[in-house]
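Shown next, in structure tokens, is the structure this report addresses.
Here, each number is a calculation from the coordinates, and none is a lab measurement. It should be emphasised that the depicted structure is a prediction, and the values quoted were computed from it without experimental measurement. Quick reminder, even Gly has a Cβ in these numbers, built from the backbone with ideal geometry, and neighbours come from all protein chains shown.
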Amino acid sequence: EDTYGFSALPGGGGDGDSDGAFGGAGLSGYWWSSSEDDSDGAWHRDMNYILSSVLWYYYGKSSLLSVRCLKD
């Protein structure tokens, strides 16, 4: 069911600052927002499949997260 029009799969994410470790695929999805917080980072949306949670977090811009493209 796609109640909110955001049908996305949990693709996981990674840390670009360390060894580029990537994890969480199938469990969590991380999407950048269009809102920068400062020159070092931005906000992202974290959706966890098992916990049924949706959260906002701040990450550094070197993080490896998904993006969602919208058509005007």
### Task
Enumerate the amide H contacts of residue 63 below 5 Å, restricted to partners 5 or more residues apart or on another chain; note that Pro and chain-start residues carry no placed amide H.
16
## Note on the structure
Over all Cα pairs of the chain, the Kirkwood radius sets Rh, and Rg/Rh then becomes 0.97
### Task
Tell me the label-point distance for the pair residue 2, residue 58, using the 7 Å Cα-to-Cβ offset, in nm and rounded to one decimal.
3.3
### Query
Given H placed on each backbone N at 1.01 Å, which residues far from residue 33 in sequence or on other chains put an amide H within less than 5 Å of it?
43, 44, 45
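For residue 70 and residue 50, compute 0.36 nm times the residue count separating them, minus their Cα-Cα distance, and round to one decimal in nm.
Residue separation times 0.36 nm, minus the Cα-Cα distance, leaves 4.5 nm.
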### Point-charge dipole on Cβ atoms (K/R +1, D/E -1) for the chain, about Cα centre, debye to 20
240
### Task
With a cut-off of at most 13 other beta carbons within 10 Å, and DSSP calling the residue loop, which chymotrypsin sites (Phe, Trp or Tyr not before Pro) in the stretch 4-72 qualify? Please list them.
4, 6, 49
